[in-house]
Amino acid sequence: MKPPIVQTSAGVTLAGGGPFGARDLALCLARAPVAVAADSGADRLLRLGTMPEAVIGDFDSLSAAARAAIPPARQHHLAEQATTDFDKALRSVEAPFVLALGFAGARLDHGLAAMNTLVTRAERACILIGPRDLAFAAPARLELELGPGEPLSLFPMARVTGRSRGLEWPIEGLELAPHGMIGTSNRVVARRVALEFDAPGMLVILPRRRLDAAIRALRSTPP
């Protein structure tokens with residue numbers, strides 16, 4: 001197995017080519033200070049005044065200007081076309097957690113592909129940051145510190161069963177599946193929400209204001 005391209009003890013902000021602004025980037029860099037770009041995410045980082053530590057992808061959308069501005073040693077061309085640039089970058093990063101910005105974005109197919117990558121690379125603690133929400137692949141067990149009345153959605157990307165504590169509508173006894181029953185628009189009823197799943201493939205979706213709670217929960221969960 002090849003060593004990771006980026007290996008760090010700090011959090012990584014992984015930028016994609018979708019829309020995000022200076023405030024979004026500042027939010028992520030304050031928590032995950034190592035900036036990495038997936039392909040044309042480098043152009044967005046440079047426009048916002050941030051030089052990426054590494055650029056990873058097939059470079060089919062990276063501009064010539066970005067290639068000229070970024071030191072060649074930081075450019076990592078992965079030519080295969082079987083996976084997305086998000087997948088290429090995420091599997092090439094080893095960090096306590098990754099905040100993925102600019103992937104949820106402007107195109108539905110890109111957003112769905114990013115969700116797929118979250119569950120297929122669930123061994124990477126990665127939080128996908130959207131304009132209003134965030135999403136991450138749930139580990140087998142998870143505890144979140146949230147506020148009563150807040151929304152919490154569960155979206156299965158495979159057949160998943162499990163148990164919950166602290167939700168208005170418990171999931172125990174339900175089989176959740178992408179082509180069947182799903183768990184969106186649930187509601188928090190306690191300060192601490194506990195979730196357990198019997199199989200991988202579940203996405204947890206929270207309001208973006210709960211980013212710190214999501215980071216704490218993923219960092220405190222054993223691998």
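The values are calculated or read from the model by the stated rules, or taken from the named source; none is laboratory data. This is a predicted model, so every value here is computed, not measured. No Cβ is skipped: glycine too gets one built from the backbone with ideal geometry, and neighbour counts run over all protein chains shown.
Would you check if D87 is more than 10 Å from the chain's Cα centre (by Cα) and over 25 Å from G162 (Cα atoms)?
Criteria met by D87.
If you check P207, P200, which single one turns out to be surrounded by fewer than 20 Cβ atoms within 10 Å (Cβ to Cβ) and either modelled with pLDDT under 95 or in contact with a Pro (Cβ under 7 Å, 6 or more places away or on another chain) (or both)?
After ruling out the rest, the residue left standing is P207.
Give the residues of the stretch 147-168 that are in a loop (DSSP other than H, G, I, E, B) and either small (G, A, S) or not assigned by TED's automatic domain parsing to the domain that holds M202 (or both), sorted by residue number.
Correct list: G147, G149, A158, G166.
Would you confirm, using the coordinates I've provided, whether T120 is among the polar types (S, T, N, Q) and modelled with pLDDT under 95?
no
Taking the stated definitions as given, is P96 surrounded by fewer than 16 Cβ atoms within 10 Å (Cβ to Cβ), modelled with pLDDT under 95 and assigned to a loop (DSSP other than H, G, I, E, B)?
no
I'd like to check something: does the stretch 154-163 contain any residue that is in contact with a helix residue (DSSP H, G or I) (Cβ under 9 Å, 6 or more places away or on another chain) and among the basic types (K, R)?
Scanning the stretch 154-163 turns up no residue that is in contact with a helix residue (DSSP H, G or I) (Cβ under 9 Å, 6 or more places away or on another chain) and among the basic types (K, R).
Please specify each residue of the stretch 193-213 satisfying the condition of being outside any helix (DSSP H, G or I) and closer than 22 Å to N116 by Cβ.
Passing the criteria: L195, F197, D198, A199, P200, G201, M202, L203, V204, I205, L206.
Is it the case, given these coordinates, that I171 is assigned to a loop (DSSP other than H, G, I, E, B) and either crowded, with 20+ Cβ neighbours inside 10 Å or under 14 Å from the mean Cα position of the chain (by Cα) (or both)?
yes
Please enumerate the residues belonging to the stretch 174-192 that are within 14 Å of L144 (Cβ to Cβ) and either of a type in the set (S, T, Y) or in a loop (DSSP other than H, G, I, E, B) (or both).
Within the stretch 174-192, V189, A190, R191 qualify.
Can you name every residue in the stretch 27-46 that is over 11 Å from L101 (Cα atoms) and not in a loop (DSSP other than H, G, I, E, B)?
Matches in the stretch 27-46: V34, A42, D43, L46.
Tell me the residue from G49, G21, G57 that is surrounded by 23 or more Cβ atoms within 10 Å (Cβ to Cβ) and more than 18 Å from P96 (Cα to Cα), please.
G57 is the lone residue from the list that is surrounded by 23 or more Cβ atoms within 10 Å (Cβ to Cβ) and more than 18 Å from P96 (Cα to Cα).
Taking the stretch 104-146 only, how many residues are under 12 Å from the mean Cα position of the chain (by Cα), surrounded by fewer than 17 Cβ atoms within 10 Å (Cβ to Cβ) and in a strand (DSSP E or B)?
Of the residues in the stretch 104-146, 1 are under 12 Å from the mean Cα position of the chain (by Cα), surrounded by fewer than 17 Cβ atoms within 10 Å (Cβ to Cβ) and in a strand (DSSP E or B).
Name every residue in the stretch 60-78 that is part of a strand (DSSP E or B) and either surrounded by 23 or more Cβ atoms within 10 Å (Cβ to Cβ) or in contact with a Phe, Trp or Tyr (Cβ under 8 Å, 6 or more places away or on another chain) (or both), in order of residue number.
Q75, H77 - these are the residues of the stretch 60-78 that are part of a strand (DSSP E or B) and either surrounded by 23 or more Cβ atoms within 10 Å (Cβ to Cβ) or in contact with a Phe, Trp or Tyr (Cβ under 8 Å, 6 or more places away or on another chain) (or both).
Using the structure shown, decide if G49 is at pLDDT 95 or above and at positive phi.
Considered against the rule, which asks whether it is at pLDDT 95 or above and at positive phi, G49 comes out as yes.
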